[in-house]
Amino acid sequence: MIQTKAYAAQSPTTDLAPWNFERREVGSHDVQIDIHYCGVCHSDLHQIRNEWFPGIFPMVPGHEIVGRITKVGDHVKKFKVDDLAGVGCMVDSCQVCYNCQDGLEQYCVEGNTQTYNNLGRDGQPTYGGYSNTIVVREEFVVGISAKLDLAAVAPLLCAGITTYSPLRYWKVGKGHKLAVVGLGGLGHMGVKFGVAFGAEVTVLSTSPSKEQDARALGAHNFVVTSDAEQLKAVQGSFDFILDTVAADHDVNMYLSLLKTSGTHILVGAPSKPLEVPAFSLIPGRKSVAGSTIGGIAETQEMLDFCAEHGIVSDIELIDIKDITGAYERMLKGDVRYRFVIDIATL
Ligand code: NAP
Ligand code: ZN
């Protein structure tokens, strides 16, 4: 077994603290990665606090993992020792269902195996990237270009693919007006991709102080959602809204900003159910849709797109001992625009 150092939550009411555990030996189809950086996703906070469902404790969060490969199994074909590699939100799936065969492992009919807070196909709990090393089957590992700043690549493994995938699926681009709700980890990547794909991008934010940053990220317009005048000016104007909000919020206000036949795409995952009256949708043939992460091939495509276009996340690098403070700032919407843990500080 492989001795592993980590930070874990022992229960939904305790802060993260150092914890050691063992990972499986490298199997013939596995790679072992020495983790250099791990991004901090709002999903980490939802899960250590049991906001979605009762979690598996001790819990080692982290699904924005990048580092260098230190060992490969006998049958590994895609990777070799010393390659830069990444792991996102999934570490396994059935590989044979119609969704897996279509490159949609995130929608595996048996359920994909999440990188942490899940049981693997061997029945053992999975532990994430707030740790110094990880063992993953090669099909769930992606390659990373040395052209990009490695720490700033980490958030692409979740925040990046979660915004890239729906924008590609709905073919958002030139001629479309896209609104991104919430300028946090996912939102700032949604802005970068929306701009890169040629859409006119508006940020809908609760934080007036983020306007300058939004424009620096490439957004064409910025609307403070608490300002009735600003909201009125954008009624019925968007083809798509990408909703990245983590907190409970009223989507009906946003639905009124869609054009006829517009689509509100939820990627944010608040714990409370949405309440959408029929009359928020019927009069304008509007849709509310959802999307989660992306498949492995699409994640590689996104990373290659980022390498080609010089796209990375805007990050604040932190020591792992400062994780609780980072969560507190995240809850206040004070993320600019993704915390990334320097795993060397573990
Ligand atoms: P984050 O960095 O905390 O960003 C969320 C942003 O939402 C905040 O920065 C804030 O932006 C805005 N916001 C906060 N409270 C709000 C409120 N009450 N009303 C309206 N806006 C509010 O979080 P994240 O890491 O980007 O994650 C966002 C959500 O996506 C989480 O629920 C997470 O679990 C989910 N997620 C889903 C997937 C998926 O596969 N679908 C993947 C990853 C994450 P402003 O200051 O600009 O308002
Ligand atoms: Zn995430």
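The values are calculated or read from the model by the stated rules, or taken from the named source; none is laboratory data. This one's a predicted model, so the numbers in the text were calculated from it and none came from an experiment. Note: ideal-geometry Cβ built from the backbone for every residue, glycine included; neighbour counts use all protein chains shown. These area figures cover heavy atoms from the full protein model, side chains too; ligands, DNA and RNA do not enter into them. Shrake-Rupley method; radii C 1.70, N 1.55, O 1.52, S 1.80 Å.
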Cβ pairs under 7 Å, 6+ apart, first in the stretch 300-321 and assigned by TED's automatic domain parsing to the domain that holds VAL87 and over 15 Å from SER165 (Cα atoms), second open to solvent by 60 Å² or more (accessible area, probe 1.4 Å) and part of a loop (DSSP other than H, G, I, E, B) | ALA307/LYS147; VAL312/ASP149; ASP314/ARG336; GLU316/ARG336
Hey, can you tell me all the residues within the stretch 60-98 that are touching a Ser or Thr at 6+ places or on another chain (Cβ under 7 Å), surrounded by fewer than 24 Cβ atoms within 10 Å (Cβ to Cβ) and within 19 Å of ILE2 (Cα to Cα)?
-> GLY73, ASP74, VAL81
Just a yes or no: is a residue in the stretch 33-46 part of a loop (DSSP other than H, G, I, E, B), assigned by TED's automatic domain parsing to the domain that holds LEU148 and surrounded by fewer than 21 Cβ atoms within 10 Å (Cβ to Cβ)?
-> no
Exclusive hit being under 22 Å from PRO166 (Cα atoms), surrounded by 14 or more Cβ atoms within 10 Å (Cβ to Cβ) and among the aromatic types (Phe, Trp, Tyr), set TYR337, TYR327 | TYR337
Read through the list (1) open to solvent by less than 60 Å² (accessible area, probe 1.4 Å); (2) closer than 17 Å to VAL180 by Cα; (3) not hydroxyl-bearing (Ser, Thr, Tyr), then give the number of the only condition that ILE311 fails.
-> (2)
Taking the stretch 48-76, which residues are within 15 Å of ligand 1 (Cβ to nearest atom) and part of a loop (DSSP other than H, G, I, E, B)?
-> ARG49, ASN50, GLU51, TRP52, PHE53, GLY55, PRO61, GLY62, HIS63, GLU64
Residue that is surrounded by the most Cβ atoms within 10 Å (Cβ to Cβ), among those in the stretch 176-217 that are farther than 19 Å from LYS259 by Cβ and acidic (Asp, Glu) | ASP213
Considering residues that are free of Cβ contacts under 8 Å to residues at least 40 places away in the same chain and either within 16 Å of ligand 2 (Cβ to nearest atom) or in a helix (DSSP H, G or I) (or both), the number found within the stretch 150-208 is 3
When you go through LEU45, LEU119 one by one, which is the residue that is within 15 Å of ligand 1 (Cβ to nearest atom) and either under 18 Å from the mean Cα position of the chain (by Cα) or more than 23 Å from PHE339 (Cβ to Cβ) (or both)?
-> LEU45
